Amino acid sequence: MARDINLNVFYDELMKLLDNLYDKEKDNIAKAAKVCSDAIAKGGVVHVFGSGHSIGFGMEMKGRPGALVPIHHIDMSDFVIKGMVTYADFRDQDNIFERRPHIADKLYALYDIRPEDVFIIISNSGINGVVIDMAITAKNNHHPVIVVTSWQHTSTEESRHPSGKHLYEFGDVVIDNCGPKGDALLETGRPEKVCSVSSITGAFIAQSINLEIVRNLEAEGKEVPLVYDNTVKGYQEHNQALLKKYKGRV
């Protein structure tokens, strides 16, 4: 028999999930933010990388009022923009790009990445080649790595990476988004479920890290390189000065 699901059910279940996420992971969020704020205080940049729907995490953290300027959203489509692969190859559904190993080092090499930089790598499943390779590449270059994943999902799936390892195994800090295996939250009473939630939990984690970074920098008397909105006098000059400071890196 189909379950009676509606907006109220979704809201209630989502609030339970977010409450659990906050209670379970707030210390790890604070640890991740400290790694990032320490890097920014030294002139570093936070490189944010996810594949599939996880690209939204980087978009959440970058380029909007209240966001930090030294955030670099790594986008695999840069392979196409830089002419390294064709669009047809990038979109090949028989050889899915995000599942391919041994390409992340080439992606890493596209950017101005410096020793003081840190990585946030996001994957709900944590089993695909490109995110694991990016974590390995970052670790090999001595960068701290923060991982955001679903423990319920990743702990029940075999890795697709040749090493047999999962993304979380490379994290200096690991944040569980507390989402269910498969991502969809609500049981319907039929085989399928509805309402995927990793984008919502990801946005909460991203903004929480952002907030804690700001709080840390302020507490330490460091510059807080935030994007101002257009209600702040002189916002254009402020924002342009920060973009110039990090030009070519973000």
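We did not get these values from a lab; they are worked out from the coordinates using the rules stated. Since the model is a prediction, treat every value here as computed from it, not as a measurement.
Measuring how big the stretch 204-250 is from its alpha-carbon positions, Rg and Dmax come out at 12.1, 30 Å. Long hydrophobic helices in the chain, taken as whole DSSP H segments with a C-alpha length of 27 Å or more on their own axis and mean Kyte-Doolittle hydropathy at least -0.5: 7-41, 198-219.
Straightening the chain between Arg114 and Tyr235 buys 40.7 nm, computed as 0.36 nm per residue apart minus the Cα-Cα spacing.
The alpha-carbon of Lys16 sits under 26 angstrom from the alpha-carbons of these lysines, leaving out residues fewer than 8 places away in its chain: Lys24, Lys26, Lys31, Lys181, Lys193.
For each pair in Lys82/Lys245; Lys139/Lys245; Lys42/Lys222; Lys34/Lys247, compute the distance between the two Cα atoms and list the pairs where it is over 19 Å. Intermediate values should be presented prior to the final figure.
Values: Lys82/Lys245 24 Å; Lys139/Lys245 26 Å; Lys42/Lys222 10 Å; Lys34/Lys247 24 Å.
Over 19 Å apart, Cα to Cα: Lys82/Lys245; Lys139/Lys245; Lys34/Lys247.
Under the classification rounded if a/c is under 1.5, otherwise prolate if a/b is larger than b/c and oblate if not, where does the chain fall, given a ≥ b ≥ c as square roots of the Cα gyration tensor eigenvalues? Oblate, since a/c reaches 1.5 and b/c is not below a/b.
How big is the gap, in Å, between the Cα center of the stretch 65-82 and the Cα center of the stretch 3-44? That distance is 22 Å. Restricting the calculation to alpha carbons of the stretch 129-173 gives Rg and Dmax of 10.2, 30 angstrom.
Can you bin the stretch 19-75 into rounded, prolate or oblate? Criterion: square roots of the alpha carbon gyration tensor eigenvalues sorted a ≥ b ≥ c, rounded for a/c under 1.5, prolate for a/b above b/c, oblate for the rest. Since a/c reaches 1.5 but b/c is at least a/b, the shape of the stretch 19-75 is classed as oblate.
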